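Report on one structure; see the data block that follows.
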Amino acid sequence: MTRLISALLLLLSSAPGFTAPADISVTDKVVIQRCVIDGPSARMIAVGFPGGFNYAFDAQNGAPVYVWQGGFVDFSGETLGRGGRKCEILGAKQSLGTATNPLRLKDPDSLPESIVFRGYRRNPDTGTPTFRFEVDGHLVEQSIGSPSEDTVQISLDFEHTNTGNKFYHLDSSKHEQVALSEGLRWHRPGVVAIPSRINKATLTISLRNVEEPYVRKTQQLSGAQLYSYYCRACHSNDGTNLIGPTFKNLFGRSQDVIRQDQTDTVIIDANYIRESITDPQAAIVKGYENVPMPSFATILSERDLEKLMEYFKNP
């Protein structure tokens with residue numbers, strides 16, 4: 001599905017005025033986004049809550065892996081080029097200390113023979129997901145939340161009590177404290193025992209303070225990527241006529257423009273290109289007066305502009 005979305009976005013990006021999404025924002029409801037994030041598998045799902053609490057869930061292994069506070073994810077790795085690149089977490093992530101396959105049935109030291117992801121259901125009011133997966137044929141529902149600052153709850157709901165004893169591998173040494181719901185106990189350090197009679201279990205994790213302050217990460221895009229992201233819907237780089245002038249042989253080209261209702265001829269240089277990007281209505285290329293271009297003055301950084309200049313010299 002992710003690659004299908006990437007393909008559709010790539011196709012749509014040729015349409016006038018289309019801009020592929022980069023940062024995915026969380027507003028008044030929970031956001032769920034499948035994407036490639038550093039982790040045990042490629043089947044990661046990022047979940048963002050209003051207020052800035054976020055986590056990453058490994059659908060292949062049935063495990064919550066990371067939590068972070070602040071921004072959600074930069075999705076441009078999926079929307080630029082052929083997609084399939086990693087998404088960047090926009091915050092200081094913390095490991096939850098779960099094992100790759102945290103849930104074991106009957107024997108704490110035997111890995112599951114099969115884990116089958118069965119999707120998720122969402123709370124109709126908040127959008128909060130409950131993930132559903134089968135471990136050795138037994139259905140488990142798992143949800144993750146943050147009832148208070150620096151606190152994470154992992155809730156497990158087993159469909160039947162006939163699953164026998166269950167064990168959850170969690171390294172508590174990574175946290176300030178891990179509290180267990182009634183009836184649960186530590187089988188040994190790093191392994192929580194869930195007796196067969198219990199079909200609902202909650203692990204409440206008190207996180208350590210993050211030493212790394214939250215700093216919003218910025219996209220590191222090349223000139224070619226910036227062109228693909230912001231320009232190519234309207235401007236070709238091979239001489240093809242689109243709704244805006246082509247960038248082929250751009251530098252040093254003589255160009256007739258309309259400035260303050262008067263025709264002027266300019267030799268295109270870095271100053272003219274910069275003006276065209278940040279104040280595109282100041283000097284409109286003759287013949288394109290009816291295709292107003294928006295300003296990118298508040299969208300592109302000085303570094304972005306410099307990279308575009310270099311790219312335009314030899315697109």
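Rule-based calculations on the coordinates, nothing more; no lab input. Worth saying up front: this structure is predicted, and the values here are computed from it rather than measured. Every residue, glycine as well, gets a Cβ built from its backbone with ideal geometry; the counts of neighbours run over all protein chains shown.
Side notes on the structure shown:
- Assigned charges on the beta-carbon of Lys, Arg, Asp, Glu; the stretch 160-204 dipole about Cα centre (debye): 160
- Isolated Cys in the chain, by beta carbon distance under 4.7 Å: C231, C234
- Under the simplified labelling scheme, the D28-H187 pair shows an inter-label distance of 4.5 nm, with each label point 7 Å from Cα along Cα→Cβ.
- Exposure proxy shown here: for I115, I267, I205, the number of other Cβ atoms within 10 Å sets the order, fewest to most, as I267, I115, I205.
- Of D136, D38, the sequence from fewest to most neighbouring Cβ atoms within 10 angstrom is D38, D136.
- Between R208 and Q177, the simple spin-label model (points 7 angstrom out along Cα→Cβ) gives 1.7 nm.
- Spatially proximal lysines relative to K313 (Cα-Cα < 26 Å; intrachain offsets below 8 disregarded): K248, K286
- Projecting the Cα atoms of V257, M309, T278 onto the dipole axis of the stretch 223-313, where Lys and Arg carry +1 and Asp and Glu carry -1 at the beta carbon, places M309 farthest toward the positive end.
- Note on L242 and T100: the extension gain reaches 46.1 nm, defined as 0.36 nm multiplied by sequence separation minus the Cα-Cα distance.
- Think of each Lys and Arg Cβ as +1 and each Asp and Glu Cβ as -1; about the Cα centre, that makes the dipole of the stretch 101-215 roughly 340 debye.
- Centre separation in Å (Cα based) which lies between the stretch 29-55 and the stretch 130-186: 18
- Dipole check for the stretch 223-313: with +1 at the C-beta of Lys and Arg, -1 at the C-beta of Asp and Glu, and the Cα centre as origin, the magnitude is about 260 Debye.
- Per-residue extension of 0.36 nm, minus the Cα-Cα distance of F251 and T278, leaves a gain of 8.0 nm for this segment.
- Fewest-first sequence of C35, C231 by Cβ atoms within 10 Å of each Cβ: C231, C35
- Projecting the Cα atoms of N123, S222, P112 onto the charge dipole of the chain (Cβ charges, centred on the Cα centre) puts P112 farthest toward the positive pole.
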